[in-house]
Amino acid sequence: MGVDPLVLARVQFALTAATHFLFVALTLGLATLVALTQTRSVVSGSAVHARMTRFWGQLYVVNYAVGIVTGLVMEFQIGLNWSGMSRVTGSVFGAPLALETIVAFFVESTFLGLWIFGWDRLNRWVHLVLIWVVTLTAYLSAYFVLVANGWLQRPVGFEMVDGAARLTDVGALLSNPTAVLAFFHVLFGGLLTAGFFMAGVSGFHFLRRTVEVEFFRRSMRIGLVTVVVSVIPVVAFGGMQFEYVQPTKRGGGDGAAAAVADFSARFGPDVYMPPRGAQVGLGLMVSMWFLMVVLALVALVKLPFGRWLVRGRVFHVVMILAVPLPYVAMVSGWVFREVGRQPWMVYGVVKTRDALSPGVGSAAMTVSFVVFTVLFAVLFGVNVWLLARFARRGPEGAQLGASPPAEPVSPAMSPTF
């Protein structure tokens, strides 16, 4: 007796989507900090900020490159396992995803390539504009993805025609509160992730007694300021979303009972309350938020004293250990958001079992599950290894934007006088 293909498909998508989102969070935040650092470098002519742009920019490029691969694999998985959803809701759900593809792969990646290979070849102001275009299109890409996901959570602006969803109100789709609030939540969550990442890497180099004291003191300050500025908006926009949480996701009450009764009348008897895993995800997310708020308060105390950022080995260890906190919080929040929607793929419209591709058997789904899981585990491991490797080298090992070594001139080609 094989494993239920629906269970495997759901677990597979959970693992791959959560892994991909880990790349996205750091990419969004680090792109912004790199753009701000390069702006300071171009405007003031600061040499240390120019070096910071190259070092942190290199880590950003590594994370972006591996993240793109995970995104491509995940999109392939959607088409492979969830064609039932595409058949019913493709004209609505697919529209923002198509826009995301255009933005991410045709605009963001093009300008990123120009930024990478245009170092010292383009005017410094033009080069600065490139990284800002990359950053803004990254946010636009994230917004379109969340528009698609927000519609799954709270379907608006459509009507059912002959069993298929048809878009009737683009404005309602794009301004859906479950998408807009989630976008700002993710935006500040990405900054929070990048802030802890920058502070953690700086703390690592201080523990190693780095000679680049000024470089990592400034980096530590930027990271901690980012944490302090971002942590409250993350909590605020996360809390604001509860106004639009589905009644069944809240774990009980009159609203949930009314929703269950309505669904039973419209779709027949079923288990319309989500698994308890959704509440576990919520609890873990709130716990991570609390820890990060405490660390932000500690950072706020330390920021006015520059020497405190360089000294204090315990503080540096804490910053290193804090790097995973925003990742855990975001994955936990994603579990609450997505598991809490079950048993619906599109809440109140399409059940998850009906969204599964027809004819997908247990054997094929098992093979797919193993292949995708191993692939994503390898990609995640490679990304961690590359980030650790380039971060450990420090600014002297940064190769992004470095001038190629001059070719030696052979005696036969050397000028004579």
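The values are calculated or read from the model by the stated rules, or taken from the named source; none is laboratory data. Being a predicted model, the structure only gives us computed values, none of them experimental. Here the Cβ positions follow ideal geometry from the backbone for every residue, glycine too, while neighbour counts run over all protein chains shown. What goes into the accessible areas is simple: the full protein's heavy atoms, side chains included, and nothing from ligands, DNA or RNA. Shrake-Rupley method; radii C 1.70, N 1.55, O 1.52, S 1.80 Å.
Sorting the Cα pairs of the chain by distance into bins of 10 Å, from 0 upward, gives 4, 20, 29, 23, 14, 7, 2, 1, 0, 0 percent per bin. Relative contact order, whole percent, for the chain stands at 25, derived from Cα pairs under 8 Å and 6 or more residues apart.
The Cα atoms of the stretch 89-172 cover 57, 17, 17 Å along the three principal axes, with the biggest extent listed first.
Ranking TRP334, TRP289, TRP151 by solvent-accessible area of protein heavy atoms (1.4 Å probe, all protein chains present), from largest to smallest, gives TRP334, TRP289, TRP151. For the stretch 176-231, the solvent-accessible area works out to 30 Å² per residue, with a probe of 1.4 Å and every protein chain left in place.
Centre-to-centre, using Cα atoms only, the stretch 60-114 and the stretch 6-25 are separated by 14 Å.
Largest first and in whole Å, the equivalent-ellipsoid semi-axes of the stretch 308-356 read 43, 7, 6, each the square root of five times a Cα gyration tensor eigenvalue.
Each Lys or Arg adds one and each Asp or Glu subtracts one; over the other residues with Cβ under 11 Å from the Cβ of ARG10, this totals -1. Length gained on full extension, VAL126 to ALA172: 12.9 nm, using 0.36 nm per residue less the C-alpha separation. Extension gain, LEU375-ALA47: 0.36 nm per intervening residue step, less the Cα-Cα distance, totals 114.0 nm.
Gyration tensor over the Cα atoms of the stretch 129-209: the corresponding equivalent ellipsoid has semi-axes (square roots of 5 times the eigenvalues, largest first) of 38, 14, 9 Å.
Measuring nothing but how far apart in sequence close Cα pairs (under 8 Å, 6+ apart) lie, relative to its length, the stretch 1-105 scores a relative contact order of 28 percent. The long axis of helix 325-339 is offset from the longest Cα principal axis of the chain by roughly 20 degrees. When every Cα-Cα distance of the stretch 31-76 is counted in 10 angstrom steps from zero, the calculated P(r) takes the values 29, 37, 21, 12, 2 percent.
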